[in-house]
Amino acid sequence: MMNINKTVMMIFLVLCLTPVYAFGQQMMSVQVKSGDVRSAPSFLGAILAKVSYGDRLFVHEEKEAWVKVSVPGKKAEGWIHSSALTSKIIMLQAGASDVKQAASSSEIALAGKGFNKQVEKEFRDKNPSLDFVTIDKMEKISVSQSDIQDFLKAGELSPKGGSK
(Lines give C-alpha, C1' and ligand atoms only; values in the text may rest on other atoms or scores of the structure.)
Protein backbone atom coordinates (compact mmCIF):
# COMPACT_ATOMS: atom_id res chain seq x y z
CA MET A 1 0.00 0.00 0.00
CA MET A 2 2.85 2.39 0.84
CA ASN A 3 4.51 1.76 -2.56
CA ILE A 4 1.27 2.59 -4.40
CA ASN A 5 1.01 5.91 -2.52
CA LYS A 6 4.61 6.75 -3.37
CA THR A 7 4.03 5.86 -7.02
CA VAL A 8 0.88 7.97 -7.21
CA MET A 9 2.67 10.86 -5.51
CA MET A 10 5.61 10.63 -7.96
CA ILE A 11 3.27 10.60 -10.96
CA PHE A 12 1.41 13.59 -9.53
CA LEU A 13 4.66 15.54 -9.07
CA VAL A 14 5.86 14.73 -12.57
CA LEU A 15 2.55 15.88 -14.06
CA CYS A 16 2.59 19.09 -12.02
CA LEU A 17 6.18 19.99 -12.86
CA THR A 18 6.05 19.15 -16.58
CA PRO A 19 4.28 22.40 -17.60
CA VAL A 20 6.78 24.47 -15.60
CA TYR A 21 9.69 22.72 -17.29
CA ALA A 22 8.09 23.03 -20.72
CA PHE A 23 7.55 26.78 -20.24
CA GLY A 24 11.16 27.25 -19.16
CA GLN A 25 12.28 25.55 -22.34
CA GLN A 26 10.10 27.58 -24.75
CA MET A 27 11.91 28.24 -28.00
CA MET A 28 11.39 30.73 -30.81
CA SER A 29 12.87 31.05 -34.28
CA VAL A 30 14.70 34.01 -35.77
CA GLN A 31 12.55 35.34 -38.63
CA VAL A 32 14.91 38.02 -39.95
CA LYS A 33 17.99 37.59 -42.13
CA SER A 34 20.23 38.42 -39.17
CA GLY A 35 19.70 39.76 -35.68
CA ASP A 36 21.59 40.89 -32.62
CA VAL A 37 21.33 39.53 -29.10
CA ARG A 38 22.04 42.50 -26.85
CA SER A 39 23.13 43.07 -23.25
CA ALA A 40 20.05 45.15 -22.43
CA PRO A 41 16.49 45.43 -23.81
CA SER A 42 17.46 48.35 -26.03
CA PHE A 43 18.80 48.82 -29.55
CA LEU A 44 21.73 50.53 -27.84
CA GLY A 45 22.69 47.52 -25.72
CA ALA A 46 26.05 45.95 -26.51
CA ILE A 47 25.85 43.14 -29.06
CA LEU A 48 26.61 39.81 -27.38
CA ALA A 49 25.86 37.45 -30.28
CA LYS A 50 24.68 37.44 -33.88
CA VAL A 51 21.83 35.13 -34.92
CA SER A 52 20.57 34.16 -38.37
CA TYR A 53 17.30 33.31 -40.07
CA GLY A 54 15.94 30.04 -38.75
CA ASP A 55 18.14 29.88 -35.61
CA ARG A 56 16.28 28.54 -32.57
CA LEU A 57 16.62 30.48 -29.29
CA PHE A 58 15.57 29.56 -25.75
CA VAL A 59 13.12 32.11 -24.31
CA HIS A 60 13.53 33.13 -20.66
CA GLU A 61 11.57 36.34 -20.19
CA GLU A 62 9.62 39.04 -22.02
CA LYS A 63 9.86 42.75 -21.23
CA GLU A 64 7.66 45.04 -23.32
CA ALA A 65 8.80 44.52 -26.94
CA TRP A 66 11.97 42.64 -25.95
CA VAL A 67 12.60 38.95 -25.30
CA LYS A 68 15.42 37.61 -23.11
CA VAL A 69 16.94 34.60 -24.87
CA SER A 70 19.89 32.28 -24.79
CA VAL A 71 21.63 31.06 -27.90
CA PRO A 72 22.31 27.31 -27.93
CA GLY A 73 25.97 26.55 -28.54
CA LYS A 74 27.15 30.15 -28.10
CA LYS A 75 26.89 30.55 -24.32
CA ALA A 76 25.23 33.91 -24.93
CA GLU A 77 22.22 35.20 -23.02
CA GLY A 78 20.69 38.56 -23.77
CA TRP A 79 17.85 40.50 -25.35
CA ILE A 80 16.44 40.54 -28.88
CA HIS A 81 13.51 42.57 -30.19
CA SER A 82 10.32 40.52 -30.48
CA SER A 83 9.85 41.58 -34.11
CA ALA A 84 12.85 39.41 -35.01
CA LEU A 85 11.23 36.26 -33.58
CA THR A 86 8.40 33.88 -34.41
CA SER A 87 6.94 30.94 -32.54
CA LYS A 88 6.98 28.94 -35.79
CA ILE A 89 9.72 26.41 -36.40
CA ILE A 90 11.58 27.56 -39.50
CA MET A 91 13.13 24.73 -41.46
CA LEU A 92 14.96 25.67 -44.61
CA GLN A 93 14.97 22.07 -45.85
CA ALA A 94 11.87 20.57 -44.32
CA GLY A 95 11.25 16.87 -44.67
CA ALA A 96 7.80 15.38 -45.27
CA SER A 97 7.05 15.06 -41.54
CA ASP A 98 8.04 18.69 -40.91
CA VAL A 99 5.97 20.37 -43.62
CA LYS A 100 3.08 21.31 -41.30
CA GLN A 101 5.43 23.04 -38.83
CA ALA A 102 7.82 24.62 -41.33
CA ALA A 103 7.56 28.08 -42.80
CA SER A 104 5.75 28.22 -46.12
CA SER A 105 7.71 28.72 -49.32
CA SER A 106 6.27 32.24 -49.65
CA GLU A 107 7.46 33.10 -46.11
CA ILE A 108 10.97 31.88 -46.96
CA ALA A 109 10.93 33.80 -50.24
CA LEU A 110 9.83 37.01 -48.50
CA ALA A 111 12.43 36.65 -45.74
CA GLY A 112 15.21 36.08 -48.23
CA LYS A 113 14.18 38.62 -50.83
CA GLY A 114 14.62 41.91 -49.01
CA PHE A 115 15.46 45.02 -51.00
CA ASN A 116 18.39 43.54 -52.89
CA LYS A 117 20.06 44.77 -56.10
CA GLN A 118 17.64 42.85 -58.32
CA VAL A 119 14.55 44.29 -56.59
CA GLU A 120 16.11 47.76 -56.67
CA LYS A 121 16.87 47.43 -60.40
CA GLU A 122 13.28 46.41 -61.13
CA PHE A 123 12.01 49.39 -59.11
CA ARG A 124 14.39 51.80 -60.88
CA ASP A 125 13.39 50.42 -64.29
CA LYS A 126 9.69 50.97 -63.48
CA ASN A 127 10.37 54.52 -62.19
CA PRO A 128 13.00 56.05 -64.53
CA SER A 129 12.13 59.64 -63.57
CA LEU A 130 13.09 59.16 -59.91
CA ASP A 131 16.49 60.43 -58.72
CA PHE A 132 18.30 57.86 -56.56
CA VAL A 133 21.54 59.82 -55.98
CA THR A 134 20.61 60.84 -52.41
CA ILE A 135 19.36 57.36 -51.58
CA ASP A 136 22.61 55.84 -52.88
CA LYS A 137 24.59 58.22 -50.64
CA MET A 138 22.41 57.38 -47.60
CA GLU A 139 22.90 53.64 -48.16
CA LYS A 140 26.66 54.11 -47.82
CA ILE A 141 26.40 55.83 -44.41
CA SER A 142 27.35 53.62 -41.48
CA VAL A 143 27.32 54.67 -37.83
CA SER A 144 28.99 52.39 -35.31
CA GLN A 145 27.39 51.39 -32.03
CA SER A 146 30.14 53.21 -30.11
CA ASP A 147 29.54 56.43 -32.10
CA ILE A 148 25.85 56.28 -31.18
CA GLN A 149 26.74 55.75 -27.52
CA ASP A 150 29.19 58.68 -27.62
CA PHE A 151 26.56 60.92 -29.24
CA LEU A 152 23.99 60.06 -26.57
CA LYS A 153 26.49 60.59 -23.77
CA ALA A 154 27.73 63.93 -25.15
CA GLY A 155 24.16 65.20 -25.49
CA GLU A 156 23.16 63.76 -22.13
CA LEU A 157 20.38 61.89 -23.91
CA SER A 158 18.59 58.75 -22.80
CA PRO A 159 16.62 56.79 -25.40
CA LYS A 160 12.96 56.37 -24.55
CA GLY A 161 12.31 52.86 -23.21
CA GLY A 162 15.96 51.88 -23.45
CA SER A 163 19.01 51.93 -21.30
CA LYS A 164 22.14 54.02 -21.60
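Annotations for the structure displayed:
- Of all residues in region 52-73, those that are more than 15 Å from GLY35 (Cβ to Cβ) have Cβ atoms under 8 Å from Cβ atoms of residues that are surrounded by 14 or more Cβ atoms within 10 Å (Cβ to Cβ) and acidic (Asp, Glu), 6 or more apart or on another chain, in HIS60/GLU77.
- Residue within region 146-161 that is at pLDDT below 70, within 30 Å of HIS60 (Cα to Cα) and loosely packed, with under 11 Cβ neighbours inside 10 Å present: yes
- Scanning region 69-85 for residues that are closer than 11 Å to MET28 by Cα and surrounded by fewer than 20 Cβ atoms within 10 Å (Cβ to Cβ) turns up SER70, SER82.
- Scanning region 26-36 for any residue that is at pLDDT 90 or above, of a type in the set (Ser, Thr, Tyr), surrounded by 17 or more Cβ atoms within 10 Å (Cβ to Cβ) and at negative phi turns up at least one such residue.
- Selection over region 120-160 of residues that are of a type outside the set (Asp, Glu) and either at positive phi or part of a helix (DSSP H, G or I) (or both) gives a count of 17.
The values are calculated or read from the model by the stated rules, or taken from the named source; none is laboratory data. Everything numeric here is computed off the predicted structure, so don't read it as measured data. Cβ atoms come from the backbone with ideal geometry, glycine included; neighbour counts cover every protein chain shown.
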